[in-house]
Each structure stands twice: as C-alpha cells, then as structure tokens.
Amino acid sequence: MNTGVFQLLPPGADFFLLGAFAAFTGGGGVANLTLSNWARDKGYGMSSTVGFIPAAVGGKKVTLAHTGSTFKPTAAALERWKGWWRIARVDQWGVYFTGAVLGMTFPALLYVTFVPGGIDIRGLGVAAALAQAVGTQKGAVFGSIIAMLGVWLLFKTQLDILEGQTRAITDILWTGSSRIRAWRGGDVRVIYYSVLVAISIWGIIALKLTQPIILLTVSANMAGIVFIISSLHLLYVNTRLLPVELRPPMWRRLALVALALFYGFFVTMWLWSAAAAAL
C-alpha cells in the first residue's frame with residue numbers, strides 16, 4: 001500500500017532476500033576478496049616476489065609462496081609503493097566501483113520501469129521476466145536484445161564467481177597446510193584445478209536440489225557472513241602485520257568496522273526472522 005511516507009524497511013520485509021541483495025553488491029562475498037589476485041597475477045608491487053597461480057594449459061610451473069612479503073619502508077621504496085597504490089586506486093574506484101554501481105543501477109531501473117510491481121518472479125522465469133516485459137511493451141527486437149544481454153551477464157557473473165571462489169579456496173588450502181603444498185611436487189595448479197572440478201560437480205548436483213533462485217539467495221547470505229569475518233580479518237592483518245608506514249588510515253579502519261556491522265545487521269535480521277517464522 002502506498003502511504004506516501006518513505007520507509008527504510010517496510011513492514012514484512014524479506015530479510016533473506018534483502019540480505020542477499022546487499023551481500024551480492026559488486027562481486028559479492030568471496031569474489032570481492034579475490035580482486036587482489038588480479039594485482040598478484042600482474043606482478044604489481046611485492047606480488048612479483050610471491051608468485052601466482054599459472055594456467056593449466058600453456059602455463060609453466062610457478063612457485064607460489066604461502067606467506068606474504070613486505071619491503072623495508074625506505075624513502076625510495078615508499079615512493080615506488082605509492083605508484084603501485086595509485087594504479088590500484090584507479091582500478092578499484094574508477095573501474096570496479098563505478099562499474100559495480102552502474103551494473104546494479106541500470107538493471108534495477110529497467111525492472112521497475114517495465115515489470116509491474118508486486119509480481120513474484122523468483123521462479124525459473126526470473127531471468128526472462130524483464131526480456132518478456134520489454135518485448136511486450138517495446139517490441140520483439142528489444143526483448144531479444146535484453147534476453148541476450150541477460151544470458152551473457154548471468155553467465156559471465158557466475159563464471160567470475162566460480163573462478164574467484166576457486167582461487168580463494170586454493171589460497172586457503174595453500175597457506176594453511178604444508179602437506180598440501182608438498183602434494184604433487186608443490187604444483188599449485190593441481191590444487192586449483194582439483195578445487196575447480198569439485199566445485200563444478202557440486203554445482204551440477206545442487207541445481208537438482210531446489211530452484212536456482214533459492215540457491216542464489218542462500219549463497220548470497222553466506223557471502224554476507226563472509227563479509228563480516230573478512231572485514232575484521234583484514235582489519236587485523238593490515239594493522240598488525242604491515243609496516244607502520246603502510247597501515248591504512250583511520251577512515252579505512254572505521255569503514256571495515258562499519259562494513260562488518262552493516263552485514264551483521266542483515267545476517268542478524270535474517271536469522272531472527274527465520275527463528276520467528278519457525279516458532
């Protein structure tokens with residue numbers, strides 16, 4: 001009902017769905033954490049000293065360190081580090097942040113413009129609902145374009161999430177277990193592609209368990225939990241293990257705490273509402 005009054009959280013809000021939307025902002029959960037892998041694979045900064053995960057086909061064996069590497073904070077080294085940091089900021093703010101905002105805003109505007117409010121599209125037709133609505137109002141050509149864009153965006157997004165999750169799990173196993181690092185001669189490609197195959201097989205099995213939208217929502221809320229843990233973990237690592245000259249300013253530290261509280265709110269409300277519905 002339209003009361004003419006703005007409500008931040010309307011009565012009866014689905015926190016399971018809202019938490020999923022919040023957690024999938026940008027890349028979502030684990031995928032956001034692996035953006036640093038891009039810098040590592042490019043050899044930016046100290047990344048050239050720790051190695052990377054090479055390709056299975058055409059790639060050579062690369063020794064991947066299981067610990068980080070820092071430099072002595074001399075004046076020359078700090079000046080060079082600032083140059084790398086400027087590149088990372090341009091990438092994160094100019095490309096990733098701007099792209100993420102536009103990538104979330106444009107589809108949302110299209111949905112609220114063409115799809116009537118109050119329609120439940122959480123079934124198998126969620127991806128086709130917008131294309132069908134646009135086709136009905138603007139013609140089959142525009143509907144077909146939206147459909148093709150939707151297929152590509154969903155495919156590319158899930159491919160990125162799959163790759164990011166595989167990298168994250170590989171890094172966790174590689175840094176956490178000396179036995180795994182020694183397996184098959186210390187070739188990290190074996191770990192990476194073993195994890196990739198395992199996740200792919202599980203994905204095929206999971207698709208037969210329930211509706212894709214349910215799997216998407218569950219995984220997104222799990223990403224919210226990941227955000228809570230990773231925010232506090234990053235805060236600890238950046239303020240304890242880095243040299244003093246490289247530690248983040250206070251506003252970045254507060255931002256990490258705020259991020260943990262933000263996603264903690266959605267996770268708490270989701271669990272609270274689920275418990276209330278079960279009683």
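Subtract the Cα-Cα distance of Trp183 and Glu245 from 0.36 nm times their separation in residues, and report this length gain in nm to one decimal. Present the calculation step by step, with values, prior to reporting the outcome.
Working: separation 62, 0.36 × 62 = 22.32 nm, distance 3.74 nm.
Full extension of this stretch gives 18.6 nm more.
Please give, to one decimal in nm, the separation of the simple spin-label points placed at Ala258 and Ile204, each 7 Å out from Cα toward the Cβ.
For the pair Ala258/Ile204, the computed spacing is 4.5 nm.
Multiply the residue separation of Ser273 and Leu102 by 0.36 nm, subtract the distance between their alpha-carbon atoms, and state the gained length in nm to one decimal. Display every interim value, and only then the final one.
On the way: separation 171, 0.36 × 171 = 61.56 nm, distance 3.11 nm.
58.4 nm is the gain from fully extending Ser273 to Leu102.
Between region 56-107 and region 203-218, what is the separation of their alpha carbon centroids in Å?
33
Give the residue list of trypsin sites (Lys or Arg not before Pro) in region 38-109 that are DSSP loop and have at most 14 other beta-carbon atoms within 10 angstrom.
Qualifying residues, ordered by number: Lys60, Lys61.
Classify region 32-97 as rounded, prolate or oblate from the Cα gyration tensor: take a ≥ b ≥ c as the square roots of its eigenvalues, call it rounded if a/c is under 1.5, otherwise prolate when a/b beats b/c and oblate if not.
Working: a/c = 2.41, a/b = 1.27, b/c = 1.90.
Taking the square roots of the gyration eigenvalues as a ≥ b ≥ c, region 32-97 is oblate.
Let's test the formula: R0 of 45 Å, r as the Cβ-Cβ distance of Leu109 and Thr49. What FRET efficiency results, to the nearest 0.05?
Values: r = 45 Å, r/R0 = 1.00.
The pair Leu109/Thr49 has a calculated efficiency of 0.50.
Would region 63-206 count as rounded, prolate or oblate if I go by the C-alpha gyration tensor, calling it rounded below 1.5 in a/c and otherwise prolate when a/b exceeds b/c, oblate otherwise? Kindly include the intermediate steps, with their values, before the conclusion.
On the way: a/c = 3.85, a/b = 1.65, b/c = 2.34.
Taking the square roots of the gyration eigenvalues as a ≥ b ≥ c, region 63-206 is oblate.
Between rounded, prolate and oblate, where does region 184-238 land on the alpha carbon gyration tensor, with a ≥ b ≥ c its root eigenvalues, rounded for a/c under 1.5, else prolate if a/b exceeds b/c? Let's see the in-between values first.
On the way: a/c = 5.40, a/b = 1.05, b/c = 5.12.
In terms of gyration-tensor shape, oblate.
If one takes the longest principal axis of the Cα atoms in the chain, at what angle in degrees, from 0 to 90 and to the nearest 10, does the Cα axis of helix 98-114 lie?
10
Assuming a strict under-20 Å limit between Cα atoms, what lysine pair count do you get for the chain once near-sequence pairs (fewer than 8 apart, same chain) are dropped? Please list the in-between numbers first.
Working: Lys42/Lys60; Lys42/Lys61; Lys42/Lys82; Lys72/Lys82.
Here the count comes out as 4.
R0 = 25 Å: FRET efficiency of Leu149 with Ile214, Cβ-based, nearest 0.05? Don't jump to the answer; show the numbers that get you there.
Working: r = 24 Å, r/R0 = 0.97.
With R0 = 25 Å, the Cβ-Cβ based efficiency is 0.55.
All of the numbers you see were taken from the coordinates with simple rules; none came from a lab. A quick note: this is a predicted structure, and the numbers were derived from the prediction, not measured. Here Cβ is always computed from backbone atoms with ideal geometry, including for glycine, and neighbour counts include all displayed protein chains.
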